[in-house]
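Here is the structure we will look at.
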Amino acid sequence: MMDLSSLLDLIDSTIRLSTPLLFAALAGLYSERSGIFDISLEGKMLIAAFASASAAAVWGSVMLGLCVGILASVGFSLIHGVASITYRGNQIVSGVAINFIAAGLTIILGQSWFGQGGRTPSLFGGGRFTAVDLPGAEAVRDVPVLGPIYSGILSGQTPLVYVAFLMVPLTWWILFRTRFGLRLRAVGENPAAVDTAGISVTWLRYRAVIICGVLCGFAGAYLATAQAAGFTRDMTAGKGYIALAALIFANWKPVPVMFACLLFGFLDAISIRVGGVELPVIGQISVQFVSALPYILTVILLAGFVGKATPPKAGGVPYVKER
Amino acid sequence: MSRPYAKLPRWIDYGLIPLVNLVVAFLVAGLVVLAVGESPLQAAVLMLRGAFGYAEGFGFTLYYATNFIFTGLAVAVAFHGGLFNIGGEGQAYIGGLGVATVALSLGAILPWWLNLPLAIALSFAFGALWAFIPAYLQARRGSHIVITTIMFNFIAASLMVYLLVGVLKPVGSMAPETRTFDVGGQLPKLRGLFELFGFNLGGAPLNVSIFVALAAAFLIWLLIWRTKLGYEIRTLGFSPRAARYAGMSETRLIVVTMMISGGLAGMMALNAVMGDQYRLAIDFPQGAGFVGIAVALMGRGHPAGIVPAAILFGMLYQGGAELAFDMPAISRDMIVIIQGLVILFAGALENMFRPGIGAAYQWVRFRTEEPAGASVGEAK
């Protein structure tokens, strides 16, 4: 049986592993709700991770790193925007292209700038996000049950973890309680109606795509400057696609997105721990099965056997103004 | 793909615009080379020399091209049906299982020329099967095929790792791969054939599966443009509503198109597994499934375009590997960038230069054919 401390440890790593997924999935939420499909979350996270780690390594400031990461990611978002909004190209094709460019560029530039086989120098001190101790975390540590939860899980995370989880209610508020959010959702469902109301479809979608870039920037910066101490080759390792899966799993809604990301983060956390563990009835669990589980679950969901995925109606379709 | 712009003559549509897009993609790639402090021109020369300059390099170029013909055709067939198959990588990976099944079980019994048709059939069947589920889900349950095929890539990767570290690994071995195939499971290299013409292919893994690839390219041309099924597939891609109105079964067409697509991707394993490595190893497709997207876009979905596009990418792969020796700043990852840029400019941004080229064309036409006002009107 699992004791309390290893359970807390598991929850703690679930939160850490969900954070980048959460940033990326929320990023995709803004873009896809506005009608722009985005499979380039992976590439944007990757370029942001690289840019933030490089900037943090060169200037020794993690905040500067975060800003540069966001800039890089927004730059890639704008490429996606130009291709899919302005030139009405195929959004999937554009996303695929961005993923490849990011995968190659990070290694070529990394090798040329730092000469460490595509890695950036290890970050230390001010170059990394460090854990924040919430007030009183030490004092309540010995209180049974609640003490360890507060001091072990709620406290002692890096600032970006708090930002990610605060983004969930904020996103909900923006989407469902502001004029911008209403228009954003409308442009993803029926752009012609938004256009008729005299609102620019193009500008709305560009704003959504830029927000998507900013959040992917956070996701990448978290990977390279908070979770790890520097960029390593291909460090997103499919997390962008898992975030995409989480977004679909959550039916393009902010609060369910958080739970989906926590679920997939949890699967990631236990996949390291369950390798070779014998369970009664099921037998030995294979690590590969657990790591494939997010994808399998998403396919099952998409198949409509459990719940039903209803994507934004105008998603993936370029808007052509009637002439 | 929708074309909200004025119609242009075929030679501009299929010749000039793709060429301009390609040139721009390479110019941007040149900027990257410049950014890492090397000369793009010199890099291009080194790359061409590495890929075409000597027989062995050329053999490697064609070997890689064989992979990309299969995967490029796979993506193109799906494109014709209006479907985007990103799952070529996973389908090729699973196709390897089909090849390995034949080579492991019959390699010691039958000669290669009897095993080859069996391996073709099984690799096609395994790839097609892996594409079947996403296709069926798209057709019957409306699940977006792009997302499901991406998911199936990851599921395939997990499944293959599971099999390769488990049942497929010979007892006592540490490496996650099958045992080496017996002679009957090894496709002959084309070394002897080239020696007749006085070329020494050296260690190049070029093998008979390039002929299978070329035959597949011809058959796909036949299928798409000369058969009823091909006509139906193109109708589905052009307008699903028209296909439905004409009484074609959408479900059947989606499933059949995707299974052909998946099967072609699966056949890529012939070249890599049976033609080169003689064993099934982890991650043998090495991104060929994704290169297929670039190849199909560049070749505009036509086998006559796909084969040269595949050779171009084969050249990039081989030349890029050689380039890395002379210019350490430029590793093979440069190819991934070029691949992305080609997909970006030849695919997503295909309409970027269109209005400009169209306007220039109309202007030239207007200048040269002053009195022919009617034909300008017709061109719109």
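Quick notes on this structure:
- Crossing angle, helix A:41-59 versus chain A [Cα axis fit, 0-90 degrees, rounded to tens]: 60 degrees
- Across peptide B:344-357, the mean count of Cβ atoms from other chains lying within 10 Å of each residue's own Cβ comes to 5.
- In a simple Cβ point-charge model (Lys, Arg +1; Asp, Glu -1; nothing else charged), the protein assembly as shown has a dipole of about 1980 debye relative to its Cα centre.
- Positive-end residue, the stretch B:39-328 charge dipole about Cα centroid, Cβ charges, pick of B:43, B:159, B:222: B:222
- A Cβ-based charge dipole, computed about the Cα centre of the stretch A:4-302 with Lys and Arg at +1 and Asp and Glu at -1, lands at about 740 debye.
- For the segment A:232-239, counting C-beta atoms of other chains within 10 Å of every residue's C-beta and taking the mean gives 1.
- q = 0.05 Å⁻¹, the protein assembly as shown: log10 I(q)/I(0) [Debye, one scatterer per Cα]: -0.25
- DSSP H segments from chain B that extend 20 Å or more along their own axis, Cα-based, with Kyte-Doolittle mean of 1.0 or above: B:17-35, B:55-80, B:145-165, B:209-226, B:250-269, B:303-326
- Quick note on the stretch A:127-234: its Rg to Rh ratio, both from C-alpha atoms and Rh being the Kirkwood radius, is 1.17.
- Rg and Dmax of chain A, based on Cα coordinates, read 20.4, 70 Å.
- Solvent-accessible area per residue for the stretch B:64-186 (1.4 angstrom probe, square angstrom): 35 Å²
- Other residues within the sphere of radius under 12 Å centred on the Cβ of residue A:131, judged by their own Cβ, net out at 0 (K and R +1, D and E -1).
- Taking amide H as placed 1.01 Å from N in the peptide plane, residue A:157 has its amide H under 5 Å from the amide H of A:132, each at least 5 places away in sequence or on another chain.
- Cα-centred dipole magnitude for the stretch B:39-328, charges only on beta-carbon of K, R (+1) and D, E (-1), debye, nearest 20: 900 debye
- The stretch A:205-238 and the stretch B:134-174 have their alpha-carbon centroids 27 Å apart.
- Nearest-ten-degree value, helix A:179-189 long axis tilted from longest Cα axis of chain A: 70 degrees
- For the residues of B:26-32, the average number of beta carbons from a partner chain within 10 Å of their own beta carbon is 1.
- Contact order for chain B, expressed relative to its length and based on alpha carbon pairs under 8 Å spaced 6+ residues apart, stands at 34 percent.
- Expected 222 nm ellipticity per residue - DSSP helices of 4 or more, -39500 (n - 2.57), all of the protein assembly as shown, to 500: -21500 deg cm²/dmol
- Length-normalised contact order of the stretch A:4-302 in % [C-alpha pairs under 8 Å, at least 6 apart]: 34 percent
- Charge-dipole axis of the protein assembly as shown as Lys and Arg at +1 and Asp and Glu at -1 on Cβ define it, positive-most pick from B:277, A:238, B:136: B:136
- Charge dipole (chain A, unit charges on Cβ, about Cα centre) - positive-most of A:251, A:107, A:56: A:251
- Translational diffusion of chain B, µm² s⁻¹ [Kirkwood Rh, Cα pairs; Stokes-Einstein; 10 °C; 1.306 mPa s]: 72 µm²/s
- Here the spin labels are modelled as points 7 Å beyond Cα on the Cα-Cβ line, and at residue B:211 and residue B:7 they lie 4.3 nm apart.
- Taking the C-alpha atoms only, the angle from helix A:239-249 to the longest principal axis of chain A is near 70 degrees.
The values are calculated or read from the model by the stated rules, or taken from the named source; none is laboratory data. Because the structure is a prediction, the values reported are computed rather than measured. Cβ coordinates were reconstructed from backbone atoms using ideal geometry, including for glycine residues, and neighbour counts include every protein chain displayed. Ligands, DNA and RNA are stripped out before the accessible areas are found, and what is left, the full protein with its side chains, is counted by its heavy atoms. Shrake-Rupley method; radii C 1.70, N 1.55, O 1.52, S 1.80 Å.
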